[in-house]
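These notes are about the structure you will find just below.
The values are calculated or read from the model by the stated rules, or taken from the named source; none is laboratory data. Only a predicted model underlies this, so the values are computations on that prediction, with no experimental measurement involved. Counting neighbours? That spans all protein chains shown, and the Cβs are built from the backbone with ideal geometry, glycine included. What goes into the accessible areas is simple: the full protein's heavy atoms, side chains included, and nothing from ligands, DNA or RNA. Shrake-Rupley method; radii C 1.70, N 1.55, O 1.52, S 1.80 Å.
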Amino acid sequence: VLDSDGDTYLEAATDDTIKVYVAGAHDATISANAINVLSGTTLTIDSGATITNSGTASGFGVALDDVSTGDAASTLATSAGNITIDAQGNDTDIIFKGTDGSSDTTFLTIDGSDAGTLIANHNLELGTDSSVILFGADNDTTLTHTDGTGLTLNSTNKLCFGDAASFIQQSSDGVLRI
C-alpha cells in the first residue's frame, strides 16, 4: 500500500509480474522487459523528456493527424532508403507551408487532382550553372542555362508562338529560322 486510504498499491500478481493500481484502478502492468499501460490510462511524457528507440523496438507508429505542433526545428531523416510522403485520399494535394514575415504562406503545392502539377507560390530557382529543365515523357526537349549567355534550347527543337506555324528554330549550326 502506497497511500493513506489504501487505494494506491502494487500487487505481485504472478511470478515476475507487478500490477500498479492508482485510486483503485489497474493502470499498468510491469513484467520482465515490458511495461504495459492499460487502455484508458494516459501516459504523459514531460516536456524535455526523450523517448529513444534502440533500433530493435517496434510499434512506435503514430497517425500523422495525431502529431501536434512543436516549438522547435524538426528534421525528417533516414540513413538508408527513401522517405515517402503519400497523400492517399482521392485527388488530395501535398502542400508545403511556412511563415514568411509573420504571415502563414503556402510555398508549394503538388496538385493530386491534376496528376501532380507543381504549383510554386513564388519563384522557381535552379541554383546552379548549367541547370537543365527537361520536357516530354522521353525528355526529348531541354532548356539549359548557359552560364553568362542565357538559355539554350536543345537540338533542332523550335520555340513556338501562338501555334506551330510561328516559331524560331536553329535548323543547323549558325542557321536561325524565323
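If you go through segment 142-151 one residue at a time, do you hit one that is touching a residue at least 12 places away in the same chain (Cβ under 8 Å) and not β-branched (V, I, T)?
Within segment 142-151, one or more residues are touching a residue at least 12 places away in the same chain (Cβ under 8 Å) and not β-branched (V, I, T).
I'm trying to understand the selection: among the residues of segment 68-102, which are closer than 16 Å to N121 by Cα and acidic (D, E)?
D93, D100
Please list, ordered by residue number, the strands (runs of 3 or more DSSP E) wholly in segment 120-165 having 1 or more residues that are open to solvent by 70 Å² or more (accessible area, probe 1.4 Å).
Qualifying strands (runs of 3 or more DSSP E): 132-135, 150-153, 158-161.
Provide a single number: the residues in segment 108-139 that are without any contact (Cβ under 8 Å) to a residue 12 or more places away in the chain and of a type in the set (D, E, K, R).
3
Restricting the search to segment 166-175, which residues are in contact with a strand residue (DSSP E or B) (Cβ under 7 Å, 6 or more places away or on another chain) and either hydroxyl-bearing (S, T, Y) or open to solvent by less than 80 Å² (accessible area, probe 1.4 Å) (or both)?
Scanning segment 166-175 gives S166, F167, I168, Q169, S171.
Tell me, please, whether a residue that is open to solvent by 80 Å² or more (accessible area, probe 1.4 Å), of a type in the set (F, W, Y) and within 30 Å of I35 (Cα to Cα) can be found in segment 100-112.
Within segment 100-112, none of the residues are open to solvent by 80 Å² or more (accessible area, probe 1.4 Å), of a type in the set (F, W, Y) and within 30 Å of I35 (Cα to Cα).
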